[in-house]
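The values are calculated or read from the model by the stated rules, or taken from the named source; none is laboratory data. Note that the structure is predicted; figures quoted are calculated from it, not measured. Please note: Cβ atoms are built from the backbone with ideal geometry, for glycine as well, and neighbour counts cover all protein chains shown.
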Amino acid sequence: MSPRAPRSFFRRDPVVLARALLGQRLVRIADDGTRLAGIIVETEAYLGELDRAAHTFGGRRTQRNASMWRDGGHAYVYFTYGMHYCMNVVAELAEKPTAVLLRALEPVEGIDAMRRNRGAAGRPDSHLCSGPAKLCQALAIDRSLDGVDMVESEMLFIEQVRCRNFPKTAIMTGPRIGIGYAQEWIHKPLRFWIGGSGHVSR
DNA sequence: ATGACGATTTACT
DNA sequence: GTAAATCGTCATA
């Protein structure tokens, strides 16, 4: 049983956290007790008030994005496109609204339940969590988990994998997806993934 | 009160 | 590659 990531793991620069989260295990205990888990293989960093792509750009603070303003280690789950949820891991300290979007997982526990949650009978594992909304659907993550403190929660947390089985050189970078409105921030290399994973998005 | 818009996914041409 | 699905959220009034 791996140790849970402590507060200090999350209270870091979002770019550092985005890279550190690769290879770690996201765990969701479903309402019926089923353990759903996957290794994080793709992330994006959102840099807060200066970042045009971030929900907190310009210091925007609303009911929707309130969780981004909380202490590192909280979950920020939002609803978009009228039908999808996406999940972020909040970085740094309270009142510093930066976060890391989880874009893809390699499923490792509760795969049958994930396939059921996704309505993806007969489809390969690589289709279950290969996108930010797909992984939320697979792990039954919705707005009821917005604002959860992952350092304390029994429903949603990160287990630290001590020996990540990929070299640092395997971390690839590229522009973030779906932020065409973000002007000069569009091309910044703030997306990170494990090269050759087979479980990344697209 | 209203209108425009998504940090997406899926199916179809 | 293009388009539809679908509605909470937020800025404007």
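Which pairs do you get when a residue that is under 14 Å from A:LEU47 (Cβ atoms), found in the stretch A:172-194, comes within reach of a residue that is among the hydroxyl-bearing types (Ser, Thr, Tyr) and at pLDDT 95 or above, reach meaning Cβ atoms under 8 angstrom, with the pair 6+ apart or on two chains? Listed pairs, sorted by first residue: A:PRO189/A:THR173; A:LEU190/A:TYR46; A:LEU190/A:THR173; A:ARG191/A:THR43; A:ARG191/A:THR173; A:PHE192/A:THR43; A:PHE192/A:THR173.
If the condition is being surrounded by fewer than 19 Cβ atoms within 10 Å (Cβ to Cβ) and either in contact with a His (Cβ under 7 Å, 6 or more places away or on another chain) or outside any helix (DSSP H, G or I) (or both), then the stretch A:97-123 contributes A:VAL108, A:GLU109, A:GLY119, A:ALA120, A:ALA121, A:GLY122, A:ARG123.
Looking only at the stretch A:53-63, residues that are outside any helix (DSSP H, G or I), within 12 Å of DNA strand B (Cβ to nearest atom) and surrounded by 15 or more Cβ atoms within 10 Å (Cβ to Cβ) come to 4 in all. The test for being of a type in the set (Gly, Ala, Ser), within 22 Å of A:ARG176 (Cβ to Cβ) and free of Cβ contacts under 8 Å to residues at least 60 places away in the same chain holds for A:GLY82. When the stretch A:75-95 is limited to residues that are within 10 Å of DNA strand C (Cβ to nearest atom) and in a loop (DSSP other than H, G, I, E, B), the one that is nearest to A:VAL16 (Cα to Cα) turns out to be A:TYR81.
Screening A:CYS129, A:CYS136 for residues that are in contact with a helix residue (DSSP H, G or I) (Cβ under 6 Å, 6 or more places away or on another chain), within 12 Å of DNA strand B (Cβ to nearest atom) and under 23 Å from A:ASP32 (Cβ atoms) leaves exactly one candidate, A:CYS129.
A quick yes/no check of all residues on (1) within 16 Å of DNA strand C (Cβ to nearest atom); (2) within 23 Å of A:ALA5 (Cβ to Cβ); (3) of a type in the set (Phe, Trp, Tyr):
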{"site": "A:ASN117", "(1), (2), (3)": "no, no, no"}
{"site": "A:GLY122", "(1), (2), (3)": "no, no, no"}
{"site": "A:SER144", "(1), (2), (3)": "yes, yes, no"}
{"site": "A:ARG164", "(1), (2), (3)": "no, yes, no"}
{"site": "A:ALA182", "(1), (2), (3)": "yes, no, no"}
{"site": "A:PHE192", "(1), (2), (3)": "no, yes, yes"}
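Across the stretch A:64-74, the qualifying residues are those that are more than 10 Å from DNA strand C (Cβ to nearest atom) and in a helix (DSSP H, G or I), and the one among them that is nearest to A:LEU17 (Cα to Cα) is A:MET68.
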